[in-house]
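Peer 1: Below: one structure in structure tokens.
Just so it is clear, none of the values below were taken in a lab; they were calculated from the coordinates. This structure is a prediction, so every number in the text was calculated from the model and none was measured. Because the Cβ atoms are built from the backbone with ideal geometry, glycine has one as well, and the counts that use them run over all protein chains shown.
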Amino acid sequence: MNAVSSQTIDKTFQALSDPTRRAILARLAEGDAKVTDLAAPFDMSLNAVSKHVRVLEDAGFIKRRVRGREHRLSFDGAPLREASDWIEFYRNFWDKRLDSLARFLAESQIKDAE
């Protein structure tokens with residue numbers, strides 16, 4: 001398994017745990033946007049949306065480009081790939097364990113039948 005730090009995974013899942021942040025990522029998956037564009041559909045202050053954006057930036061989901069006073073935000077899927085790799089490692093781990101258990105039980109039934 002890739003060495004993904006616990007802190008990285010924690011930040012990823014914490015960032016994804018909020019529906020507003022997931023909606024922001026969904027919007028950014030469609031293309032770059034300004035914070036004001038991202039804030040438009042939400043019934044919350046621009047400051048509140050900016051806090052969500054900072055959490056997503058801290059987790060590595062958002063990249064910011066600054067041109068003068070304009071801040072353009074874009075989506076970066078790297079944290080999702082890392083989380084997917086982490087989940088896949090444990091899915092494979094448990095699949096192997098369960099396959100091993102199934103073989104053991106099948107062999108036990110054959111021995112019991114003899």
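Peer 1: Once you keep just the Cα pairs under 8 angstrom separated by 6 or more residues, what percentage relative contact order results for the chain? Can you show the working numbers first?
Peer 2: Numbers: 89 pairs, mean separation 32.6, N = 114.
29 percent.
Peer 1: Quick check: Cα centre of region 55-114 to Cα centre of region 1-47, how many Å?
Peer 2: Answer, in whole Å: 18.
Peer 1: Express as a percent, rounded to the nearest 5, the fraction of DSSP beta bridges in region 6-113 (both residues included) that run antiparallel.
Peer 2: Values: 8 of 8 bridges.
Of all bridge pairs located within region 6-113, approximately 100 percent are antiparallel.
Peer 1: Please go through region 1-82 and write out the GluC sites (Glu not before Pro) that DSSP classes as loop and that have at most 16 other C-beta atoms within 10 Å.
Peer 2: Glu30
Peer 1: Give me a comma-separated list of calculated 3J(HN,Hα) values for region 13-27, in order, Karplus coefficients 6.51, -1.76, 1.60 applied at θ = phi - 60°, integers in Hz, x for any Gly or Pro.
Peer 2: So the J values, rounded to whole Hz, are 5, 5, 5, 7, 6, 9, x, 5, 5, 5, 5, 4, 5, 4, 5.
Peer 1: Okay, next question. If you place +1 on the Cβ of every Lys and Arg and -1 on the Cβ of every Asp and Glu, how big does the dipole about the Cα centre of the chain come out, in debye to the nearest 20? Each step should come with its number before you reach the end.
Peer 2: Values: 19 positive and 18 negative charges, 144 e Å.
Dipole size: approximately 700 debye.
Peer 1: Follow-up. Which residue, Leu38, Leu16, Leu101, tops the fluctuation ranking in a GNM of the chain built on C-alpha contacts under 10 Å?
Peer 2: Leu101
Peer 1: I'd like to know which of Leu101, Phe75, Phe13 lies farthest towards the positive end of the charge dipole of the chain, counting +1 on Cβ of Lys and Arg and -1 on Cβ of Asp and Glu.
Peer 2: Value computed over the given set: Phe75.
Peer 1: Average projected area of the Cα convex hull of region 6-113, in nm²? Please report the intermediate quantities before stating the final value.
Peer 2: Working: hull surface 37.9 nm².
So the Cα hull casts an average projection of 9.5 nm².
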